[in-house]
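Some notes on the structure that comes next.
The values are calculated or read from the model by the stated rules, or taken from the named source; none is laboratory data. Predicted model, so just to flag it, every value in this text is computed and none were measured. Using ideal geometry, Cβ is built from the backbone for each residue, glycine included, and neighbour counts are taken over all protein chains shown.
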Amino acid sequence: MVIVVRLLLFFSCAFSLAALAIVPNPLAASPAPERIAALSLPLVDVNPLGANFFLDREVELWKKEMTLGMAREAGIGWAKLLFSWEGIEPRKGYFRDDRLRRSTWEKYDDLVRLARKYGIRVIARLDRAPNWSRSNNTYPTAPPDNLQDYGDFVHAVVSRYKGKVQHYQIWNEPNIFPEWGDRPVDPAGYAAMLRIAYQRAKEADPDAIVLSAPLAQTLETGPRNLNEVEYLEGIYRAGGREHFDLLLANAYGFDRPPSDPPDPQVLNFARLRLLRDVMERHGDGGKAVWINEYGWNASPPDFPLDKLPWRRVTEEEQARYTVEGIRLARSWGWVGVVNVWYFRQVGDLLPMDRSDYYFRLVDVDFVPRLPYFALQQFADTLRVSGPGLVEEANPAVDWEGDWALRLNRRASGGTVLSSSTVGDRLRLTFQGTGVTLVHPRSPQGGRLWAALDGHVIPTLPQDESGRSVLDLFAPGEEWEVRTPLASGLQPGRHTLELAVAPSSRPLAEPTATVDAFEIFWERQAIVQFVFFSLLALVSAALLASTFLMLRWR
């Protein structure tokens with residue numbers, strides 16, 4: 001009898017421990033990264049990390065490559081680049097450099113190609129009118145005499161980079177001298193420029209995303225410098241609301257922390273919320289805000305006050321505030337990309353005796369500064385998504401190829417990613433136990449190959465090559481279709497890969513479109529783990545007590 005009891009207890013304990021060994025421990029899985037819930041505005045749930053670059057002035061290819069490589073390693077996904085009108089169109093309708101005997105597009109073609117190589121999206125700043133466009137060229141930053149000339153330039157740029165660049169900034173800081181020339185600033189005049197540029201950009205590429213000009217932070221009230229809050233009011237009163245997709249804004253912190261509250265009489269990071277108030281008063285709260293120039297200045301402590309227009313903080317504070325400000329902006333739910341001013345300068349463009357030199361993330365000799373490392377650490381927290389609804393452009397999603405980010409009010413977050421190029425890839429990294437793809441179906445719907453952790457997905461059919469495939473075709477349009485791809489996964493990190501597959505139908509231009517992902521953390525695995533843990537503990541306790549009882553009989 002004693003032998004039977006011992007055997008029963010032994011096998012009970014062994015079974016429980018074996019079950020415990022094969023049931024994944026959800027408590028041992030690394031915790032899901034922090035993420036913002038319900039970022040429902042279009043173009044908000046995106047990689048927030050961008051920077052301003054001076055690559056249009058860089059000559060040597062290896063330096064361009066080194067710069068973009070370091071930016072990619074820091075998690076930066078957006079590059080603000082100047083596309084100089086005067087450099088591209090030296091005469092009306094003429095796009096060649098006679099001195100160098102080459103196309104003026106060549107430099108910008110190379111920059112776009114390099115950015116795509118490193119997985120960085122370009123935001124193209126379009127300004128700097130050529131001399132032929134003005135009768136008075138005292139100030140080279142002034143707008144052209146004929147706004148239609150600028151519209152033609154916008155159309156030319158957007159046409160050339162259709163499918164490669166989507167985001168276009170229309171002019172720069174028109175609320176201050178000398179960006180609007182030697183005359184009073186004019187919100188209505190800028191609204192007229194914005195209308196023409198918007199129309200011409202959309203003619204060239206309906207998927208182009210137009211960003212309003214960022215406004216300089218100032219407390220002045222005119223006539224040649226006007227604070228950004230009043231100026232934005234003027235743009236709205238002039239009918240500018242319908243002619244931009246994103247509000248672009250400057251957000252320097254000066255000598256105050258990100259938490260310093262907004263105040264019309266104070267220059268700080270939170271002034272951004274005053275601009276948001278203007279948008280909402282004009283019924284434009286459905287648009288996101290992206291930040292054009294952002295940061296704190298860490299000039300040396302011996303700089304005199306008259307050389308510190310942005311004031312100063314220590315480099316340690318600069319690093320800490322840079323990340324804190326981005327976290328705070330994301331918590332507001334309406335800020336998307338934050339472009340740090342600036343990544344790395346070229347040569348002596350900004351000499352060390354000027355305060356603006358000390359905004360840099362990387363020195364001229366490619367030595368990273370403290371804010372670079374702070375951003376890199378922050379970026380690591382964004383590369384893996386936890387449970388919830390994840391939009392298609394979330395920082396946990398990498399995409400390669402010709403994917404276009406398209407605005408569509410019927411999409412879950414107001415945008416989708418679409419591509420017609422076979423082989424274009426998306427990669428989502430997540431922590432959870434299940435994932436569902438949110439997508440539309442349509443008469444032009446193509447197909448997607450899908451793989452989870454490098455394996456086929458059993459719930460999907462396979463094509464002739466043995467790859468899991470999802471058909472996005474339907475006779476009519478269907479939105480927010482949910483296709484479960486996996487459930488009951490071991491809790492932990494997983495990778496979902498999607499790629500555009502050839503269409504099986506004779507469609508004119510089959511398009512694969514991704515709307516969002518739903519990630520689940522199913523509690524069943526946790527319940528199983530706890531159950532078998534308790535069973536193993538009870539069995540072990542019974543075995544121990546029986547052993548002691550038999551020993552002392």
Taking the options 344, 327, 311, name whichever one is crowded, with 22+ Cβ neighbours inside 10 Å and out of contact with any Pro (no Cβ under 7 Å at 6 or more places or on another chain).
344
Kindly evaluate residue 472 against the criterion of being closer than 18 Å to residue 505 by Cβ, out of contact with any Asp or Glu (no Cβ under 6 Å at 6 or more places or on another chain), in the same structural domain as residue 422 (by TED's automatic domain parsing) and hydrophobic (A, V, I, L, M, F, W, C).
yes
Please determine whether any residue of the range 297-307 is in the same structural domain as residue 361 (by TED's automatic domain parsing), free of Cβ contacts under 8 Å to residues at least 60 places away in the same chain, closer than 19 Å to residue 361 by Cβ and not in a strand (DSSP E or B).
yes
For the condition of a type in the set (Asp, Glu) and outside any loop (DSSP other than H, G, I, E, B), what is the one hit in 398, 402, 365?
398
Which strands (runs of 3 or more DSSP E) sit wholly inside the range 418-512 and have at least 1 residues that are within 25 Å of residue 163 (Cβ to Cβ) and more than 27 Å from the chain's Cα centre (by Cα)?
468-471
One residue is enough: does the range 237-248 have a residue meeting the conditions modelled with pLDDT of 95 or more, in the same structural domain as residue 287 (by TED's automatic domain parsing) and under 26 Å from residue 356 (Cα atoms)?
yes
Name the residue that is nearest to residue 165 (Cα to Cα), counting only residues in the range 107-123 that are part of a helix (DSSP H, G or I) and not basic (Lys, Arg).
112
Qualifying residues in the range 53-63 (those that are out of contact with any helix residue (DSSP H, G or I) (no Cβ under 6 Å at 6 or more places or on another chain) and surrounded by fewer than 24 Cβ atoms within 10 Å (Cβ to Cβ)) - the one nearest to residue 289 (Cα to Cα)
54
Of a type in the set (Gly, Ala, Ser), in a helix (DSSP H, G or I) and touching a helix residue (DSSP H, G or I) at 6+ places or on another chain (Cβ under 7 Å): does that describe residue 374?
yes
Closer than 30 Å to residue 67 by Cβ and charged (D, E, K, R): which single residue out of 195, 134, 183, 121 fits that description?
121
Single unsatisfied condition, residue 206 versus (1) touching a residue at least 12 places away in the same chain (Cβ under 8 Å); (2) out of contact with any Pro (no Cβ under 8 Å at 6 or more places or on another chain); (3) not hydroxyl-bearing (Ser, Thr, Tyr)
(1)
Taking the conditions exactly as written (farther than 26 Å from residue 198 by Cα, in contact with a helix residue (DSSP H, G or I) (Cβ under 9 Å, 6 or more places away or on another chain) and at pLDDT 95 or above), does residue 82 satisfy them or not?
no
Does the range 398-419 hold any residues that are of a type in the set (S, T, N, Q) and closer than 16 Å to residue 470 by Cβ, and which are they?
418, 419
Single match in 203, 230, 173 (criterion: in the same structural domain as residue 146 (by TED's automatic domain parsing), modelled with pLDDT of 95 or more, assigned to a helix (DSSP H, G or I) and under 30 Å from residue 106 (Cα atoms))
203
Only one of 70, 66 is assigned by TED's automatic domain parsing to the domain that holds residue 170, in contact (Cβ under 8 Å) with a residue 24 or more places away in the chain and surrounded by fewer than 17 Cβ atoms within 10 Å (Cβ to Cβ). Can you tell me which?
66
Return the total of residues in the range 204-228 being within 20 Å of residue 181 (Cα to Cα) and more than 20 Å from the chain's Cα centre (by Cα).
14
Report the residue count in the range 108-158 for those that are of a type outside the set (D, E, K, R) and farther than 13 Å from residue 89 by Cβ.
23
